[in-house]
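The values are calculated or read from the model by the stated rules, or taken from the named source; none is laboratory data. Worth saying up front: this structure is predicted, and the values here are computed from it rather than measured. Methodologically, a virtual Cβ is constructed for each residue, glycine included, from the backbone with ideal geometry; neighbour enumeration extends over all protein chains shown. Remember, those area values only see protein heavy atoms, side chains included, never the ligands or the DNA or RNA. Shrake-Rupley method; radii C 1.70, N 1.55, O 1.52, S 1.80 Å.
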Amino acid sequence: MSKLTLAKLELANRLVLARVDYNVPLAAGAVSDDTRIAATLSTLRYLLQHEARVVLCAHLGRPKGKPDLRYSLRPVAERLERLLDRNVGFCPETVGPRAAEMAARLETGGVLMVENLRFQPGEEANDPEFARQLAELGEVYVDDAFGAAHRAHASNVGVVRYFPQAAAGLLMQRELEYLGRIRDAHEHPFLVLLGGAKASDKLPLMAHLARRADTLLIGGGMAYTFLQAQGKPVGRSLVQPDLVAAAGQLLAQARPGQILLPEDHVLADGTVVAEIPADGQAMDIGPRTRTKFADAIARARILFWNGPMGVFEQPPLDAGTLAVARAVAACAGTTVAGGGDSIAALRAAGLEDKLSHISTGGGASLEYLAGERLPGVEALSEA
Ligand code: ADP
Ligand code: MG
């Protein structure tokens, strides 16, 4: 990691503006999944232990540049207060005199959250004037919002020029360290395990990693686009017809044995087949595929997993996903996973803590692993 980190900052009694990724799901006005909030706690505790005064800015949903209370960050501030076990002030404005005054009044160890960045049109437009107003809320800038780093917005890119330095928070640092090791693939055997519904989301990443991975395992709904490309019968399984050619190209470029596809399948009615009948829909990888995937996973020195192997929301069609989740958890190498549904499956199996790193980055992780430069990462100062 070549970027400036918290360890290099002078923090005592200084006002820190921290951009965080609190784009969490809400249900009935309350946070229904606080994974992203919890993921920033180590950064916040570090800042507070070092006697900083902290102003948090974040976005939530798509309020389209004007205030919309359905997307207020107030419930997020309340949840953070509980998780952090200390007072978190809330300013119903994002920038301006009131926000600046509340920030200035913070005492050492105090935390303030300002209202949703996207209530202001200047955020997504990366407007310099909005960035300048935001910068007035801090003396030191920290970006911990890896999940927003694929966008060049005022709070992660525009704001940086108003500070002497831009440092990565601990979550940003962890994401860059682990995802960087996956992306650069210097450790072998390097295994990539992909699944999920759509090949379209993951094809760019697949193309980048396929050149570097020793083994690429493909399961889940996207596997059938690949089996179709091989001319295998897929029945009524999920296929993206416009991607069959690209899938075929990837298979043609692969070394023999490099890409493994499912050899048996569980159909919607629970039957296991090696060949999918014309009216059958494959909803999970079969037992033989599970064993083969688990054996390959056990041999990896470093691996990345994204996407469930089947329709895991409907047991018993979760068996394939659980089998690979257990294999990933048991792997002695470095294990990194990402993707909302894969993380949900790991959590349901109680295996979250068994991995080296779980990326909360979503789209940013996929772009980073596809070899793209992320504007929010580029904007950080070098160490
Ligand atoms: P992640 O969120 O981990 O990146 P995706 O969103 O790409 O994963 O895919 C998850 C979805 O893929 C789940 O809703 C799951 O039901 C679906 N899925 C997995 N396997 C299949 C399959 N064989 N047929 C249809 N849908 C599938
Ligand atoms: Mg998903």
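Computed about its Cα centre, the charge dipole of the chain is approximately 380 debye, with only Lys, Arg, Asp and Glu carrying charge at their Cβ.
Taking a straight line from the alpha carbon of LYS354, these lysines sit under 23 Å away, with near neighbours fewer than eight places off in the same chain left out: LYS292.
Taking only the C-alpha atoms of the stretch 9-70, the Rg (one decimal) and the largest Cα-Cα distance, Dmax (whole number), read 14.0, 41 Å. Quick one: if the Förster radius is 51 Å, what FRET efficiency do ARG255 and GLN314 give, using the C-beta to C-beta distance and rounding to 0.05? Efficiency at R0 = 51 Å is approximately 0.90.
Computed from Cα positions, the angle between helix 244-253 and the longest principal axis of the chain comes to roughly 80 degrees. So which aspartates and glutamates pass the test for LYS198, namely a Cα distance under 12 Å, with those fewer than 8 places away in the same chain ruled out? Output for LYS198: ASP242. Helix 287-298 axis versus longest C-alpha principal axis of the chain: approximately 50°, rounded to the nearest ten.
Positive contributions from Lys and Arg (+1) and negative ones from Asp and Glu (-1), summed over other residues with Cβ under 9 Å from the Cβ of PRO92, come out at 0. Coupling constants for the stretch 216-223 follow from the phi torsions by the Karplus curve (6.51 cos²θ - 1.76 cosθ + 1.60, θ = phi - 60°), and in residue order they are 10, 9, 10, x, x, x, 5, 4 Hz; glycine and proline get x. Accessible surface area normalised per residue over the chain is 42 Å², counting heavy atoms of protein chains with a 1.4 Å rolling probe. Per-atom-type breakdown for the stretch 179-369 gives carbon and sulfur 52% of the accessible area (1.4 Å probe, protein chains only). In the stretch 234-383, a dipole from Cβ-located charges (positive for Lys and Arg, negative for Asp and Glu) runs towards its positive end, and of GLN253, ALA278, TYR368 it is GLN253 whose Cα lies farthest in that direction.
The long axis of helix 319-330 is offset from the longest Cα principal axis of the chain by roughly 60 degrees. Computed from label points 7 Å out along Cα-Cβ, the spacing between ALA197 and GLU382 is 4.3 nm.
Of the residues VAL111, HIS188, VAL234, the one whose Cα sits farthest toward the positive end of the charge dipole of the chain, with +1 on the Cβ of Lys and Arg and -1 on the Cβ of Asp and Glu, is HIS188. A Stokes-Einstein calculation at 20 °C with viscosity 1.002 mPa s, built on the Kirkwood radius of the stretch 104-244 over Cα pairs, returns a diffusion coefficient of 114 µm²/s.
Toward the positive end of the charge dipole of the stretch 157-220, about the Cα centre and with charges on Cβ (Lys, Arg +1; Asp, Glu -1), which of ALA197, VAL157, LEU176 goes farthest? Value computed over the given set: VAL157. Scaling against 2.2 N^0.38 Å puts the C-alpha radius of gyration of the chain at 1.06.
Express in % the proportion of alpha carbon pairs of the stretch 68-182 at distances exceeding 24 Å. Of all Cα-Cα pairs in the stretch 68-182, 27 percent lie more than 24 Å apart. In the chain, Cα pairs under 8 Å separated by at least six residues give a relative contact order of 17 percent.
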